[in-house]
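Participant: Before anything else, here's the structure in question.
The values are calculated or read from the model by the stated rules, or taken from the named source; none is laboratory data. Predicted, not measured: the structure shown is a model, and the values here were computed from it. A quick note on method: Cβ atoms are made from the backbone with ideal geometry, for glycine too, and the neighbour counts reach across all protein chains shown. Side chains included, ligands, DNA and RNA excluded: accessible areas come from the protein's heavy atoms. Shrake-Rupley method; radii C 1.70, N 1.55, O 1.52, S 1.80 Å.
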Amino acid sequence: MEDQDLPGVLVSGFEGPSGICKDHVGELQKYFNLITMQDLLENKTQVGPKIQAAYIWNRKPAIDQELLQSLPALKIVANAGAGLDHLDLKLIASFGVKVANTPQAVSSPTADMGMALLLAAARRVVEGHQLATSPDTKSFSTNWLGQEVTGSTLGIIGMGSIGYKVAQRARAFEMNILYHNRKRRKSEEEEAVGATYCERLDDLLQRSDFVMLAMSLTPQTQRLIGRRELRLMKPTAILVNIGRGLLVDQDALVEALQTGVIGAAALDVSYPEPLPRDHPLLKLKNVTLTPHIGSATHQARWQMMENLIGSILASLNGLPIPNEVLLK
């Protein structure tokens, strides 16, 4: 039963791939009157003024000018996850609306996923599983080989909270760690994980056995890795992307993988998602693909929800907003 006295919060819905987590609904309803996009579309005049916050889950509902104009009482857009490329921050701010996200909740599980993909690609885990379970397999070849991870060089592009946690995990594998970032980390932070700063991206690409993308998508980083950058990498190198699909020129990546410019790729993200079923990346043996599940753990998703609740309540009560996103 909805409590009309609770603050109205807009959600995408309760069903389908864009719906909020079913396990979270009961907890959210302790604090908010949840109003779906369908409710709003059916009665904008009556429902719109009741909505004080938008709860963005899996990038939905989409926040555009038309929606903002229909929500005169909106105070905050609370976004699950760290990425903000789907939000027009300047547009939202022009309506006097705050934005918050959940970077701490996603950093550890996404870093775990980055290492899982790196290991899976290096040791050809998916291919190995297919070989081991194939009804046509009669023997295992001693010449079926992968790449050593221990002692190799990892280049991390994007040394924010996720990239730094990747470095912490990589150190346990005795990896040599290079990183490229918009801002250099403090010397004590570098020393703690044994990381070396590369001011030039080209230096990192040329020296790394593994290149991991752990950065946000912005106009400046879109297609950061293209044909030229791939050709700078070692022919045995493996590209790992846990950021956003558009960080990479996918056509150039397909070409590089098909022609041996690089050894392999492990991707938790693509563009679009999912890829068309006839996309060439789906047919290559030297590609490991997962369905954008970097933060997809029960614990992380629950923490994301708790963080969003905290940010919304703070906003509605005029308190400092945890994880508020400020315009730069």
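Participant: Filter the cross-link list 44/75; 183/328; 60/183; 98/328; 50/98; 50/90 down to pairs whose alpha-carbon distance in this structure exceeds 20 Å.
Facilitator: 60/183; 50/90
Participant: Whole Å is fine, so just give me how far the alpha carbon centre of the range 18-50 lies from that of the range 239-260.
Facilitator: What the calculation gives is 38 Å, centre to centre.
Participant: So for the pair residue 143, residue 104, with labels modelled 7 Å out along Cα→Cβ, what separation do we get in nm?
Facilitator: With each label point 7 Å from Cα toward Cβ, the separation is 5.4 nm.
Participant: Would you compute, from DSSP H runs of 4+ residues alone, the mean residue ellipticity of the chain at 222 nm, taking -39500 (n - 2.57) per run and dividing by the full residue count, rounded to the nearest 500?
Facilitator: My calculation for the chain gives -10000 deg cm²/dmol from helical runs alone.
Participant: Once you place label points 7 Å from the Cα toward the Cβ at residue 27 and residue 125, how far apart are they in nm?
Facilitator: Reported label-point gap for residue 27 and residue 125 is 2.7 nm.
Participant: Okay, moving on. For a quick check of understanding: with a 1.4 angstrom probe and all protein chains in place, what accessible area in square angstrom does residue 302 have, to the nearest ten?
Facilitator: 90
Participant: Rank 271, 55 by accessible area, highest first, at a 1.4 Å probe radius?
Facilitator: Putting 271, 55 in descending order of accessible area: 271, 55.
Participant: Need one number: nm distance between label points at residue 133 and residue 15, each 7 Å from Cα along Cα→Cβ, rounded to one decimal.
Facilitator: The modelled label-to-label distance comes out at 3.1 nm.
Participant: What relative contact order, as a whole-number percentage, does the range 132-238 give when Cα pairs under 8 Å and 6 or more residues apart are counted?
Facilitator: Reported as a whole number, the value is 29 percent.
Participant: Further question on the same structure: How far is helix 250-259 tilted, in degrees, relative to the longest principal axis of the Cα atoms in the chain, given as a value from 0 to 90 rounded to the nearest 10?
Facilitator: 20
Participant: Sorted by accessible area with a 1.4 angstrom probe, largest first, how do 231, 169 fall?
Facilitator: 231, 169
Participant: Suppose R0 equals 51 Å. What FRET efficiency, 1/(1 + (r/R0)^6) with r the Cβ-Cβ distance, do residue 41 and residue 236 give to the nearest 0.05?
Facilitator: In this case the efficiency is close to 0.45.
Participant: Moving to a separate point now. Given Cα pairs under 8 Å that are at least 6 residues apart, what percent is the relative contact order of the range 37-187?
Facilitator: It comes to 17 percent, rounded to a whole number.
Participant: For the chain, with a Gaussian network of springs between Cα atoms less than 10 Å apart, report the residue from 91, 217, 204 with the top mean-square fluctuation.
Facilitator: Evaluated over the chain, the most mobile residue of the options is 91.
Participant: For the chain, modelled as a Gaussian network with Cα springs under 10 Å, which listed residue fluctuates most, 191, 66, 229?
Facilitator: 66
Participant: Also, I was wondering about something else. Between residue 94 and residue 299, how high is the FRET efficiency from 1/(1 + (r/R0)^6) when r is the Cβ-Cβ distance and R₀ = 30 Å? Nearest 0.05.
Facilitator: 0.25
Participant: Identify which of 41, 28, 246 has the largest mean-square fluctuation in a Gaussian network model of the chain, with springs joining Cα atoms closer than 10 Å.
Facilitator: 41
Participant: Helix 103-122 versus the longest principal axis of the chain: what angle, 0 to 90°, nearest 10, using Cα atoms?
Facilitator: 20
Participant: A further question on this structure: Report relative contact order for the chain in percent, whole number only (criteria: Cα-Cα under 8 Å, sequence separation at least 6).
Facilitator: Value for the chain: 17 percent.
Participant: Against the longest principal axis of the chain, how steep is helix 298-316, in degrees 0 to 90 to the nearest 10, with axes from Cα atoms?
Facilitator: 40
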